[in-house]
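Below is the structure I would like to discuss, written out as structure tokens.
Bear in mind these aren't lab numbers, they're just calculated from the coordinates by the rules spelled out. Since this is a predicted model, take the numbers as computed values, not measurements. Cβ placement follows ideal geometry from the backbone for every residue including glycine, while neighbour counts extend to all protein chains displayed.
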There are 2 protein chains.
Amino acid sequence: MLSTLTDKWAALAIAALADGPQRHGELARRIAGVSQKMLTQTLRKLERDGLLTRTVTASVPARVDYALTPLSCDLFPVMVAIKTWAEAHMDRVFEARAQFDARP
Amino acid sequence: MLSTLTDKWAALAIAALADGPQRHGELARRIAGVSQKMLTQTLRKLERDGLLTRTVTASVPARVDYALTPLSCDLFPVMVAIKTWAEAHMDRVFEARAQFDARP
């Protein structure tokens, strides 16, 4: 489960849903570069972990909305902390790797 | 790199080193259940990412000390936030999974 915290697509889906419930198509448009298959897998994994709900409205055609849960709302500050740390420090990680890999 | 944040052995190594520089043997004793091979791989990965330093002292036998870096010190609060979230919420995740998996 904790790998969800650092899963790019999961983080982007949770961030998008922070604006409120959305449909698959809306999420696909908002999350640049995500394939339909990857988005479907990610949403399913998040639903299974209790991090989002999937509500089907029996209209014609049926409407499916995804929404955050209290569990994912609690998770949001942690994901923001990870994102903030990564944005501030990834350059230094890449520098460290380059030096490490250049060693004899 | 971000997977390091949710890597159990990396988190335990960083937490142990928060008490100051230590040798491989000390870390092996402090991190319950870690194999020599896993600890060596984890320390090497953390060193490569710039999250710890490995200092060799040319004594006989040679002495190798591992220590945190400013980069990992900055990472520490994020790892604590992840640990705190996990401890408070993993039961609900497991419950959600059980319900999801029990669905027809």
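For chain A, set up a GNM with springs between Cα atoms under 10 Å and report which of A:Met79, A:Met38, A:Met90 has the largest fluctuation.
A:Met90
Which whole-number percent gives the relative contact order of the stretch A:1-47, counting Cα pairs below 8 Å spaced six or more residues apart?
Relative CO of the stretch A:1-47 lands at 40 percent.
Between A:Thr42, A:Thr55, A:Thr69, which gets the highest mean-square fluctuation from a Gaussian network model of chain A, Cα cutoff 10 Å?
A:Thr55
Let me ask another. Between B:Glu26 and A:Asp74, take the C-beta separation as r, use R0 = 25 Å, and let me know the FRET efficiency to the nearest 0.05.
0.10
Mean residue ellipticity at 222 nm from the helices of chain A, using -39,500 (n - 2.57) per DSSP H segment of n ≥ 4 over the full residue count, to the nearest 500 deg cm²/dmol?
Computed ellipticity for chain A at 222 nm equals -20000 deg cm²/dmol.
Still on this structure: So what is the orientation-averaged projected area of the protein assembly as shown, using the convex hull of its C-alpha atoms, in nm²?
Taking a quarter of the hull surface, the average projection is 14.6 nm².
What nm distance separates the two modelled labels at A:Ala15 and A:Ser3, each placed 7 Å from Cα along Cα→Cβ?
Placing both labels 7 Å beyond Cα along the Cβ direction yields 2.1 nm.
Could you pull the copy-to-copy label distances for A:Met38, with points set 7 Å along Cα to Cβ, in nm to one decimal and sorted shortest first?
Output for A:Met38: 3.0 nm, nearest copy listed first.
Given a Förster distance of 41 Å, report the FRET efficiency between B:Ala102 and B:Ala67 from their Cβ-Cβ distance, rounded to the nearest 0.05.
0.30
Let me ask something else. In peptide A:79-88, what is the residue-averaged number of other protein chain Cβ atoms found within 10 Å of each Cβ?
Mean shielding by partner chains, rounded to a whole number: 4.
Using a label point 7 Å beyond Cα on the Cα-Cβ vector, give me the inter-copy distances for A:Val64 in nanometres, one decimal, shortest first.
Ordered by distance, the counterparts are at 5.0 nm.
For A:Ala88, place a label point 7 Å from Cα along the Cα-to-Cβ direction in every copy; what are the distances to the other copies, in nm, shortest first?
Here A:Ala88 shows inter-copy label distances of 2.0 nm.
Continuing with the same structure: Throw me the Rg/Rh for the stretch B:1-97, computed over C-alpha atoms with Kirkwood Rh, two decimals.
On the Cα set of the stretch B:1-97, Rg over Rh gives 1.04.
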